[in-house]
Structures are given as structure tokens and as C-alpha cells.
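What follows is calculated from the coordinates using simple rules that are stated; it is not laboratory data. Only a predicted model underlies this, so the values are computations on that prediction, with no experimental measurement involved. Don't worry about glycine lacking a Cβ; one is built from the backbone with ideal geometry, like all the others, and counts go over all protein chains shown.
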């Protein structure tokens with residue numbers, strides 16, 4: 001959209017959370033009004049290029065990363081932009097406000113964002129109700145994933161309880177589920193990536209999932225700040241426990257050289273500065289797991305060229321978020337046009 005640079009300049013006059021809330025509301029209204037939804041679908045239409053991954057057929061390789069629509073407010077509007085999958089969340093069992101504001105910072109000089117949101121969520125019950133209504137009223141939706149996180153006050157030793165509650169609630173509503181153990185903004189959460197505690201968590205989830213019908217595939221989202229040894233250990237646990245896919249990566253607490261005055265803010269960094277590390281993690285993981293584990297690559301995909309590069313490095317699917325903020329919805333079509341004919345993993 002040629003108008004997006006002007007639209008972005010107006011949005012960037014507003015505080016980041018205010019701008020995000022406005023765009024999400026616009027997409028909610030546009031998606032729920034059939035004429036405007038139809039117009040969006042026509043504007044962003046690209047021929048399907050199906051991808052097979054963890055037992056599902058995705059309309060195309062590109063998805064929207066978790067964090068954009070945490071509470072499933074604008075699924076229909078986002079779907080009209082051409083995504084092959086949408087990841088809702090992170091959703092927590094009980095409502096929680098997240099961290100105090102300000103907690104979201106734009107770094108335009110670096111094409112980056114820092115967030116320390118802390119899983120603000122309206123809670124699982126409200127999100128599940130929205131998805132139930134959506135499933136009843138709409139057909140032709142892209143693949144829907146739900147990203148699951150524990151509540152802030154839940155002790156780590158009781159984290160399995162939260163994830164089990166969420167898995168059982170969303171199993172009939174989601175096409176796949178993501179166990180988020182890698183956000184840097186919930187104290188202690190990343191300790192769940194350690195091999196032994198991760199093994200115990202996933203073993204409990206997999207055992208419970210066998211009793212569910214339907215039982216959607218489970219994926220795990222990992223941090224870019226793991227060492228190579230830690231990544232190898234985590235991937236080994238995922239393979240051992242029969243996890244179907246891994247999402248690489250979440251935001252980083254590392255701080256490469258940044259130009260913005262907000263560079264010193266705490267929280268997870270996303271966008272262009274994350275690209276190199278995310279690419280390295282993808283290439284390493286692809287060599288380690290081969291075709292035994294589907295990989296969704298996310299982090300720093302700001303162009304169609306970068307998207308194509310991730311697929312060439314071994315990603316089965318890719319996701320964007322910060323790229324959408326800086327380049328607008330035209331980036332979706334550019335990526336899909338550049339990645340048609342990408343290989344698939346069954």
C-alpha cells in the first residue's frame with residue numbers, strides 16, 4: 001500500500017500502545033463488516049501455495065506472530081490480509097494486566113521494537129469464547145494457533161498446571177498450540193527452557209494430550225539467547241517428547257549496537273537487529289533436527305528477501321510482526337510473491 005508510509009507517520013505520532021490498539025480496532029471492525037472484509041481480501045489476494053507442516057495444510061508459508069492480537073479481537077480482519085496462519089496470544093489462564101506502562105518502545109532508527117509487556121491478557125475464558133463464535137460464524141479462515149503462557153503469579157513448579165488448563169480449553173478451538181517458555185518479560189519463565197524442567201513439562205502435556213479429541217499438535221517457542229549447547233539440549237528434549245515443531249525465536253535481551261535513544265530500555269528486542277541471530281539459530285537447528293521437526297522462523301523478517309532466505313535455510317514456515325509495523329500489509333503480499341514454490345515438510 002503506497003499510502004502506508006503516510007499512515008505510519010501519523011501512527012508514530014501516537015504512543016506505541018495507543019497506535020497498536022487503534023490499528024487492531026480498525027482491523028476488528030473491517031473484518032466483521034463483510035463489504036470491507038471483501039475489499040481487503042481482494043486487495044491482498046495472492047494465489048495459494050500450500051505448505052504441509054505437522055499434519056496441517058497451510059494456505060501459504062507466512063503467518064502473523066503471537067503478540068499482535070493477544071486476545072483474538074481482530075482475527076477476521078487479519079485473515080483478510082492474506083496470512084496463511086495467525087497465532088493468537090500469548091493467552092494466560094486468568095486475566096492479568098501485564099507490566100506497568102510505558103512498556104512498548106519504537107526504535108525507528110533501528111527498525112526495531114522493545115517490549116516488556118509481561119503477558120497482558122484478558123484471560124483464557126474470554127479468548128476461548130471469541131474463538132468459539134468465530135468458528136461458528138466463519139469458514140475459510142487460515143490456520144489458527146494459540147500461544148500459551150503461565151500467569152505471572154503461578155510458581156514455576158506449578159507451571160504445568162497452567163499449561164494443562166490452557167491446552168484442554170483450546171484443544172477444540174486451535175489448529176495448533178504453542179508452549180511459550182521464552183518470553184523475557186515474565187520473571188523466571190525462561191528457566192522452563194532448561195532440559196530437565198522442559199522434559200518434565202512437555203512429558204506432562206503430551207500425556208494429557210493423548211486423552212484429548214481433537215489433540216492439536218504442540219509446538220514450543222524458544223529464545224534467541226540460548227547458547228548452542230542449551231539449544232541442542234532443548235531440541236533434543238522436543239524430539240524425545242514427540243513435539244511437532246519449534247518456533248525460533250522469541251525476542252532477545254541482548255543489545256547489539258543500536259542508534260535509538262530507547263536502546264537502554266529493558267525488555268525483549270525485536271525487528272531488524274534480531275535478524276542475524278534468528279538466522280543463525282534457524283541454520284543451527286535445521287542442521288541438528290533435519291526433517292524430524294518443523295521449524296517456524298520468526299525475528300527480524302523485514303523484507304521479502306529475508307523471508308526467502310529463511311526458507312532456504314530450512315524453515316518450514318515463517319512469521320512476521322515488527323516488519324508489519326514498519327512496512328505495512330504490503331509486506332505480506334511481497335513475501336508471498338517471493339516465496340511461492342517454497343519446499344514443504346509433512
Honestly the stretch 81-198 on the Cα gyration tensor test (a ≥ b ≥ c root eigenvalues; a/c under 1.5 rounded, otherwise a/b vs b/c for prolate or oblate) is just oblate
With 0.36 nm assigned to each residue of separation and the Cα-Cα distance removed, residue 129 to residue 21 gains 36.8 nm
Taking 220-232, 3-15, 293-305 and ranking on average Cβ neighbours within 10 Å, highest first, one gets 293-305, 220-232, 3-15
Per GNM of the chain with C-alpha springs under 10 angstrom, the most fluctuating residue out of 168, 103, 137 is 137
Ranked output for segments 260-272, 206-218 by mean other Cβ atoms within 10 Å, highest leading, reads 260-272, 206-218
For the stretch 58-101 the mean separation of alpha carbon contacts under 8 Å (6+ apart) over residue count, i.e. relative contact order in percent, is 46 percent
Taking Cα pairs closer than 8 Å and at least 6 residues apart, the relative contact order of the chain in percent is 19 percent
Under the rule rounded for a/c under 1.5, else prolate if a/b exceeds b/c, else oblate, using alpha carbon gyration tensor axes a ≥ b ≥ c, the stretch 218-346 is classed as oblate
Note: probe point = Cα of residue 229 + 7 Å toward Cβ; backbone nitrogen < 15 Å; residues of the stretch 173-198 passing the test are 194-196
